Amino acid sequence: MVSSGSCYTFNRMTMALRTWEPMNRLLATALLCTAGAGGQQPDTAASVYAKAAKSVVLILLRSSDDKLVAQGSGFLIEGGKIVTNEHVIRGGTPLIDFGGVRIPAKVERTDLGNDLAVLTTPAEISAEPLPLSANPPHPGDSVYVIGNPEGLEKSISTGVVAAVRHIGSRELIQITAPISHGSSGGPVLDSSANVIGVTVGMIEEGQNLNFAVPASYVAVLLRSAADAKETAVSFFARADELIAEGRGLPYSADPDSPYVKNRAAIDEAASKGIELAGKGDLASLWEMSRKLLYTRPFIAISAARRAANLDPTPKTELSLAETLNDAAQIAALSAAGGAVGFVGLPRADELLSEAEGACKRAISAAKRPTAEMYYALGDIRVHAGSFVGAEAPLRRALAIEESDPTGTSRVGILRDLLRVANKTGNAAEADHWFEQLVQTGQATADDWESRARSLMDFGRYADAGQAWQHAAPLEGANWRDWCSAAGLRTPGVRQEEVLNDARECISLGTGKPGSEATAAVAHEAIADTLNGRGVYDEALTHATEAVSLNTEYSQAYYDEAVALRGLHRTEEAINAAKQAIRLSDGKFGFMHFILGLAYFDAENWQFAEQSFEKAAELDPKNDAAAYNVALCMIHLGYDLDAAHWFEETLRRNPNRSDRADLLRRIAALRR
C-alpha cells in the first residue's frame, strides 16, 4: 500500500515544519482534512477546475528497493516542467502517473528552504501549462486547490486567503481551503486559474489552518542553470565571509544584536546558495554542511540533503546519514537545555529515523558495503536507544574492519559495542570490548570515566575505583576523577592508593568553583584511612576539614568520633557520633556502634547498651554489637539478658574464636 503521507504538518506552538519521511509514510495515519466546496461560487470553481485539472498530476515515490512508498501532487508549468514540494520526492525516485502508466521523472532543481522542486519527464504532457500569477495574494482573495488528497485524484477544494505569514525566514500563504495528505505539491489557484502558491502543509490540531508556498518562489527557482551555478558560488562565498565576521561575537537573543543579525545573514546567504546549487557545486555543499553543522545545523542538513539529492550514490547517502546523526545529537542536547540558538531544528528522533533510512539506502546500493556504512547504521541505532538492533551492524562493521588494515573506524565501533553491552547489562561483553579498546592504545580519559561509571552500575566498586585512577592522569581528564577514585574504598583497594588519590583531589581541586563538597569527600577518605591505622591526630584534622567544607556530611562526623575516641576525648566523641546519627537519620548501624563505644568508655552502661542494641538491630550480622550489649547487661546486673545476648552473638557468628569461653559464661549466667 502506498502512503499519501507526503504532506507537511505544522506544530501549533512553534509553527515549525515536521517532515513525513518516506520510510515513515507507510506507517502514517492520515490526518483529518476534508476537501470540500467551502461555500464559494460554484460557477467560478467549475471554471477554474475545467482550466486547470488536466494540468495537475499524481506523483508516486519509488524507494531503492523498488517499492512505492509515498504519493503527492504536482502541476505542469511552461517548458514541460512539473512543480511539486521537495519533501514529496525526497529519498526516492519520483514517478509521474499517466492513467496507470508511470514514467520516471528527473529532479532538475530544488529549493530546500521553501520546500519546492522542479521535475522533468521524457513523456509529453498534452495539458496546458499553468501560468504563475504575477500578483501577490491578499487576505480575502478566493482560492482553489486541486490535488490528490489521500490518492483521490484531481480533487478541488475552495476557500480564501486567510493571511500572508512570515514564519522564521520564510513567507507562507495561509488559506482556508481544506487539504489532506497527498495534496502536497498541488497548485493553489486564483479565480483566473493562475497559480498563486504551492500547497505545503497544515496545522494538524487546527481547523482549515493550511499553508502554501508563494508562486514568486517558484519563479526564482526557474532561473537558468548557468545563472544558478554562478549565484550559488557567490552566495556560498558571502556565507563564508559572514561566518568569519561572526567569530567572536558574544551570544545574544536580542533580535537587533550583531550576533542575531549575523546568524540571520548567514542563514539567508547559505540557504540561497543551497537552493541554486547544481551538480557542479557538490563540493561546496558538503563544505558548507561541515562548516555550519555545529552552529546552524538546520542549514547544514539542508546542504547535505541537497548534495545527496543531486548525486544519490552510496557515498553521499552515507555522508547524509552521518550529518543527520550528528545533527540529532545537537537536537538532543538542545532539547535538554544544553544548547541554544537551534529553534526550528527537527527532533532528534526524526533526524535519526531519516539518518537510518539514508544509511540503509547506502548499504543497499553499494556493491560491497563498507565498515563505515555498517558502523554508521549501528551508531545511529545506539543514539536512538535501539541497542539490541545496533549490535549486528556493529559486529559486521568490526569484522570488515579487521580484514581491512586501512580501516579507520575500529575505535568508534568498539566504543559503540561497549555501550551496547553496558546498556543491555552484559558485563562479560563489556569487559571484552573495553579490553579491545585499551589494546588499540587510543582509550581516552572519557573512555575510562565511562568505564568507571558502568562498573559502578554493575556493582563492581573496586574495579570502578581502578578505572577512575586510570582516567585521572590522562590528558583531558577532570580533577574530580581523583576524587571519585578516592571515594571508592572497598576491599581490594590499597590504602596507599586511597591516600594518593585523595591528596591529588585536594591539591588539584582547591580553589576550583564548586569544589568544596568534592574536597570534603577526599578529606573524609584520608580521615577514614588514617583512623584505620590509628593515626588519630591527623585523621581528626582531615575529618574536621571535611566537616568545615560540608557541615551536613554525616560520614565526616563519624570519622571525627572515631578519631576523638582514639584520642580519649570521650565527651567530644559522643557529640560527634550523635551528629553523625542525626544527619544520617539514624540509618547506619556502625554510627550507633561508635556511639556505644564512646558511652562504654564513659561507663554510661545504659546509653551504651541502647546504642549497641540499635546497631545490632540495623546490622543483623554484627556479632560485635550483640557481644557488647551482653557486656552492658552484665554491668547493669541483668544476667539472663546478658546470657541471651551472648547466645545471639554465637548465632550470628558460630565460628568465633572465643566460642568455648562464651558457652561457659552463658552457663554461668543462667545458673
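Take the conditions (1) among the small types (Gly, Ala, Ser); (2) closer than 21 Å to residue 483 by Cβ; (3) in contact with a helix residue (DSSP H, G or I) (Cβ under 8 Å, 6 or more places away or on another chain); residue 576 misses just one of them, which is (2). Looking only at region 335-352, which residues are surrounded by fewer than 20 Cβ atoms within 10 Å (Cβ to Cβ) and at pLDDT 90 or above? Result: 349, 350. Counted as qualifying within region 229-348 are the helices (runs of 4 or more DSSP H) with 2 or more residues that are over 26 Å from residue 378 (Cα atoms), namely 258-276, 282-292. Residues that are part of a loop (DSSP other than H, G, I, E, B) and among the hydroxyl-bearing types (Ser, Thr, Tyr) were ranked within region 502-523; the one that is surrounded by the fewest Cβ atoms within 10 Å (Cβ to Cβ) is 510. As a summary of the residue check, residue 434 satisfies the conditions (1) over 30 Å from residue 388 (Cβ atoms); (2) modelled with pLDDT of 90 or more except for the one numbered (1). Only residues that are closer than 15 Å to residue 626 by Cβ and in a loop (DSSP other than H, G, I, E, B) were counted across region 654-671, and they come to 4. When residue 628 is tested against (1) within 59 Å of the chain's Cα centre (by Cα); (2) more than 21 Å from residue 555 (Cβ to Cβ); (3) surrounded by fewer than 18 Cβ atoms within 10 Å (Cβ to Cβ), exactly one condition is not met: (3). Scanning region 629-671 for residues that are among the aromatic types (Phe, Trp, Tyr) and either in contact with a helix residue (DSSP H, G or I) (Cβ under 6 Å, 6 or more places away or on another chain) or touching a residue at least 40 places away in the same chain (Cβ under 8 Å) (or both) turns up 645, 646.
Scanning region 400-449 for residues that are free of Cβ contacts under 8 Å to residues at least 12 places away in the same chain and in a helix (DSSP H, G or I), we see that the one that is surrounded by the most Cβ atoms within 10 Å (Cβ to Cβ) is 431. One residue is enough: does region 651-668 have a residue meeting the conditions surrounded by 23 or more Cβ atoms within 10 Å (Cβ to Cβ) and small (Gly, Ala, Ser)? Scanning region 651-668, I find no residue that is surrounded by 23 or more Cβ atoms within 10 Å (Cβ to Cβ) and small (Gly, Ala, Ser), so the answer is no. Within the span defined as region 44-55, every residue fails to be surrounded by fewer than 20 Cβ atoms within 10 Å (Cβ to Cβ), of a type outside the set (A, V, I, L, M, F, W, C) and modelled with pLDDT under 90. Residue count for region 303-325 under the criterion of being of a type in the set (D, E, K, R), closer than 14 Å to residue 369 by Cα and crowded, with 21+ Cβ neighbours inside 10 Å: the result is 1.
Would a scan of region 537-551 turn up a residue that is under 12 Å from residue 562 (Cβ atoms), part of a helix (DSSP H, G or I) and touching a residue at least 24 places away in the same chain (Cβ under 8 Å)? Yes, there is a match, as at least one residue in region 537-551 is under 12 Å from residue 562 (Cβ atoms), part of a helix (DSSP H, G or I) and touching a residue at least 24 places away in the same chain (Cβ under 8 Å). If you take the residues of region 537-565 that are in contact with a helix residue (DSSP H, G or I) (Cβ under 8 Å, 6 or more places away or on another chain) and of a type in the set (Gly, Ala, Ser), which of them is surrounded by the fewest Cβ atoms within 10 Å (Cβ to Cβ)? It comes out as 554. Output yes when any residue across region 123-134 is within 21 Å of residue 218 (Cα to Cα), in contact with a Phe, Trp or Tyr (Cβ under 9 Å, 6 or more places away or on another chain) and polar (S, T, N, Q), and no when none is. The answer is no; no qualifying residue exists.
Restricting to region 144-198, name every residue that is assigned to a loop (DSSP other than H, G, I, E, B), within 24 Å of residue 70 (Cα to Cα), in contact with a Gly (Cβ under 7 Å, 6 or more places away or on another chain) and among the hydroxyl-bearing types (Ser, Thr, Tyr). If the condition is that a residue be assigned to a loop (DSSP other than H, G, I, E, B), within 24 Å of residue 70 (Cα to Cα), in contact with a Gly (Cβ under 7 Å, 6 or more places away or on another chain) and among the hydroxyl-bearing types (Ser, Thr, Tyr), then 183, 184 are the ones that fit.
Every residue in region 118-148 that is charged (D, E, K, R) and more than 21 Å from residue 209 (Cβ to Cβ), please.
Of everything in region 118-148, those that are charged (D, E, K, R) and more than 21 Å from residue 209 (Cβ to Cβ) turn out to be 124, 128.
Contact annotation: residue pairs with Cβ atoms under 9 Å, 6 or more positions apart or on different chains, pairing a residue in region 479-495 that is within 15 Å of residue 507 (Cα to Cα) and part of a loop (DSSP other than H, G, I, E, B) with a partner that is at pLDDT 75 or above and of a type in the set (A, V, I, L, M), are 479/472; 479/508.
Residues in region 77-103 that are part of a strand (DSSP E or B), touching a helix residue (DSSP H, G or I) at 6+ places or on another chain (Cβ under 7 Å) and either free of Cβ contacts under 8 Å to residues at least 24 places away in the same chain or surrounded by fewer than 24 Cβ atoms within 10 Å (Cβ to Cβ) (or both): there are none. Scanning region 104-120 for residues that are buried (at least 18 other Cβ atoms within 10 Å of the Cβ) and farther than 15 Å from residue 78 by Cβ returns 105, 107, 110, 111, 112, 113, 114, 115, 116, 117. Of all residues in region 235-259, those being within 19 Å of residue 302 (Cα to Cα) and exposed (fewer than 14 other Cβ atoms within 10 Å of the Cβ) number 1.
The values are calculated or read from the model by the stated rules, or taken from the named source; none is laboratory data. Keep in mind that this is a model prediction, so the values were computed, not measured. Reconstructed Cβ throughout: ideal geometry from the backbone, glycine too, with neighbour counts over all protein chains shown.
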